Each structure stands twice: as structure tokens, then as C-alpha cells.
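Everything on this sheet refers to the single structure shown next.
The values are calculated or read from the model by the stated rules, or taken from the named source; none is laboratory data. Treat the numbers as computed from the prediction; the structure is a model and nothing was measured. We place every Cβ from the backbone using ideal geometry, glycine too, and count neighbours over all the protein chains shown.
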Amino acid sequence: MKTSGKLNRFTDKKKYLFFSQLHSLLKSGLSFSRSFELLIENGSENESGILQSVYNDIISGNALWTALQKSGNFSDLDCGVIRIGEETGRLDQSLEFLNNYYNKKNEQRRILTGALSYPLIILVVAALVVTFMILVVVPMFEQVYSRMGGELPQITRFIIRLSGSAPAFFTIIAILIILFFTVRHFYGKSEKYRRTSAKILLKLPYLGDLFRMYYQSQFCQLMHLLISSNIPLLRSLQMLEDIICFYPFSVSFGNIAKKIIEGGSFGENLAIYENIYSKKLVALIKVGEETNTLDKMLFQQATDITAELEYKLKQLGNVLEPLLILGIGILVAFILIAMYVPMFKLGQTIH
């Protein structure tokens with residue numbers, strides 16, 4: 001995604017407010033210049049600076065989508081959708097789309113945060129407790145047992161060996177994390193990195209389906225906007241190739257466009273990529289093509305997939321919480337039992 005470091009200054013929440021307010025002001029009958037001036041006047045210092053820069057570019061003769069792109073604070077999706085609106089004379093529809101898109105995105109983020117916040121707290125606390133036990137408690141027991149002498153049970157010896165190798169293990173983890181971020185920084189935009197990372201993400205249990213559904217939802221929403229704006233199918237696919245940058249989807253748009261030129265239908269070529277497009281989606285798109293209701297079918301699918309995605313995000317939290325508690329309880333119990341088994345044996349011997 002072609003964004004700069006400034007993107008952090010213009011968050012998704014701010015984008016939602018910007019597109020929502022601009023859409024409302026234009027719909028109320030105000031001119032574009034007056035609407036933008038009001039947004040600049042009422043924004044915070046940082047926001048006003050960004051919007052003033054965008055406004056200056058527009059006055060200089062640039063299109064709105066070009067000015068947004070030059071500012072470095074808006075994503076390829078933002079600029080692409082605004083470009084669609086400007087080229088088709090439906091800027092209000094594009095602003096409404098982005099307003100709804102960021103409203104949904106922020107809502108999904110709240111759902112995900114609510115679903116994962118408690119499990120993450122549990123996981124962090126558990127990691128700290130287990131680390132303390134491995135690095136501090138286990139060595140204390142080891143010193144006691146070494147003075148006592150005698151043969152230790154196998155489970156106790158295993159935990160003691162694990163405690164001894166823990167510093168090296170944590171060092172390796174730290175090196176791997178640093179290596180990952182270094183590779184991502186230097187090669188994150190390369191085709192090989194994008195292809196490999198996307199392949200790994202899509203193969204993750206459960207999470208892979210969430211990624212797939214998220215980009216299917218984006219595809220349906222954007223394709224509906226393009227088709228309903230009377231943009232030809234081939235042109236729509238070419239524009240999506242630049243807007244949706246997740247590698248498998250981006251590649252599929254270009255390849256499908258080529259195959260349509262050769263004589264294939266949209267739905268048939270979509271079915272080739274069964275790893276990223278569901279059978280239900282492909283079937284309904286075929287129906288939409290045959291009945292000339294493709295835009296309505298895409299809109300309905302965007303709504304259905306988004307609703308299902310939000311449901312699965314809520315379910316994720318409901319499933320993770322008991323699994324984490326159970327797993328952590330078993331791990332802590334295993335360490336404690338391993339450390340106290342020699343004590344029990346000693347007690348039996350004394351008895």
C-alpha cells in the first residue's frame with residue numbers, strides 16, 4: 001500500500017469523520033471550496049495542516065484523488081475510490097462509500113478489540129508468570145534438590161533442562177523478531193515477500209478464513225461501486241488491481257481481465273481462484289451476470305460477507321478465552337507437579 005509514515009497522523013477514525021463531514025456538507029448544497037474550508041477551520045492542528053496541504057494542491061489544479069495521494073495520509077483504496085467518483089461524476093456516492101467503509105472498519109476493529117483484549121491480557125500475564133517460574137522458581141528447586149542428592153524423576157529433569165536453556169531460547173526468539181521486521185522493512189513491497197506472506201496468512205487455521213472474507217468483502221463493495229457507476233468490467237478489474245493490494249486478489253484481477261479479453265466470462269474465470277473466492281460467491285456472480293443484476297448481487301454479497309465476518313470475530317473471542325485459560329492452567333500445573341514430585345517421593349521414603 002502506497003502510504004507514508006504520515007498515515008499514523010490520519011487514523012481510520014479521522015478518515016471516517018473527514019469523508020462523512022465532506023459528504024454531508026456537499027449534500028447540503030455548499031460548494032466544494034467552502035466545504036473544504038469549513039473542515040480545515042474545525043479540524044485539529046495536525047488535521048488542518050494535512051487538509052490545507054490537500055486543498056492547496058486542488059487549487060493548483062490537481063484532482064482531489066491526486067491531492068490526497070500526494071499528501072501521503074490516504075491509502076490506495078481512498079484515492080482509488082475518490083478517483084472513481086471524480087471520473088464518473090459521482091463524487092457524493094464515492095464519499096458515501098468511504099464513509100460507510102470506515103464506519104464498518106472501525107466497528108469491526110471495536111469488535112476485534114473487545115474479543116481479543118481479555119484473552120490477550122490473560123496471555124501476557126500467563127507468559128510473565130511462566131517466565132518467572134522457569135527463570136526463578138525452577139532454579140531454586142534445582143539448588144535444593146542438588147543438595148539433597150538422589151535421582152530426580154524424568155519430568156523434573158525435563159523442566160530443569162528447559163529452565164537452563166530458556167535464556168538461549170528467548171535470545172533466539174528476539175533475534176527472529178528483529179530479523180522479521182528487518183526483512184519486512186527492506187523487502188515488504190517485493191513480489192516474493194507479498195506472495196509468501198499472503199500464502200502463510202491464508203493457511204492459518206481460522207484466521208486464514210477471516211483474511212479471505214475481509215478481502216472478499218472489500219472486493220464486492222468496490223466492484224459494486226464500480227459497476228453501479230457504469231464503469232466497464234475490464235476497467236473495473238484494472239482499477240481494483242491497484243486498489244486492493246493483497247497479493248492473491250491483486251494478481252487475480254489482472255489475470256481475470258486478460259481471460260475476459262480472450263472470451264471467458266467473469267464468473268467462470270473467478271472460479272479458477274477457488275482458494276480466495278468462495279463457491280457461493282462465484283455461483284451468485286454467475287447468476288448476476290446471466291440476469292444482468294451483477295451490481296445488486298455484489299451489494300448483497302458485500303452485506304452478507306461483512307455480517308458473517310463480524311459474527312466470526314465475536315466468536316473468536318468466545319473460543320479463545322476458555323482455551324487460553326485451560327491451556328495456561330495445564331502448563332502451570334505441569335511445572336508445579338514436576339517440581340513437587342521429588343518432594344512427594346521424599347515424603348514417602350521418610351514415612
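Quick look at the numbers
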| item | result |
| --- | --- |
| Which listed residue is at pLDDT below 85 and polar (S, T, N, Q), from SER71, SER75, SER53, SER60 | SER75 |
| Those residues of the stretch 229-240 which are surrounded by fewer than 19 Cβ atoms within 10 Å (Cβ to Cβ) and in a helix (DSSP H, G or I), in sequence order | LEU233, LEU234, ARG235, GLN238 |
| Residues within the stretch 222-277 that are of a type in the set (Lys, Arg) and in contact with a Gly (Cβ under 6 Å, 6 or more places away or on another chain), tallied | 0 |
| Residues within the stretch 137-166 that are more than 14 Å from MET339 (Cβ to Cβ) and either free of Cβ contacts under 8 Å to residues at least 24 places away in the same chain or loosely packed, with under 11 Cβ neighbours inside 10 Å (or both), tallied | 6 |
| Residue in the stretch 234-243 that is out of contact with any helix residue (DSSP H, G or I) (no Cβ under 7 Å at 6 or more places or on another chain) and without any contact (Cβ under 8 Å) to a residue 12 or more places away in the chain present | yes |
| Some residue of the stretch 108-123 being surrounded by 13 or more Cβ atoms within 10 Å (Cβ to Cβ), touching an Asp or Glu at 6+ places or on another chain (Cβ under 7 Å) and closer than 30 Å to PHE32 by Cα | no |
| Test for ARG157: is it in a helix (DSSP H, G or I) and either in contact with a strand residue (DSSP E or B) (Cβ under 6 Å, 6 or more places away or on another chain) or under 21 Å from VAL136 (Cα atoms) (or both) | yes |
| Test: residue in the stretch 200-216 that is of a type in the set (Val, Ile, Thr), modelled with pLDDT of 90 or more and either touching a helix residue (DSSP H, G or I) at 6+ places or on another chain (Cβ under 7 Å) or exposed (fewer than 15 other Cβ atoms within 10 Å of the Cβ) (or both) | yes |
| Checking ALA126 against (1) touching a Phe, Trp or Tyr at 6+ places or on another chain (Cβ under 9 Å); (2) assigned to a helix (DSSP H, G or I), the condition it does not meet | (1) |
| Residue among ILE84, ILE134, ILE59 that is touching a helix residue (DSSP H, G or I) at 6+ places or on another chain (Cβ under 9 Å) and surrounded by fewer than 16 Cβ atoms within 10 Å (Cβ to Cβ) | ILE59 |
| Hits in the stretch 249-304 (condition: aliphatic (A, V, I, L, M), over 27 Å from the mean Cα position of the chain (by Cα) and surrounded by fewer than 16 Cβ atoms within 10 Å (Cβ to Cβ)) | ILE261, VAL287 |
| Residues satisfying the stated conditions in the stretch 298-344, i.e. of a type in the set (Asp, Glu) and modelled with pLDDT of 85 or more | ASP304, GLU308 |
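Condition check ((1) more than 23 Å from ASP209 (Cβ to Cβ); (2) charged (D, E, K, R)) across all residues:
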site	(1), (2)
GLU290	yes, yes
LYS296	yes, yes
ASN318	no, no
ILE325	yes, no
ILE335	yes, no
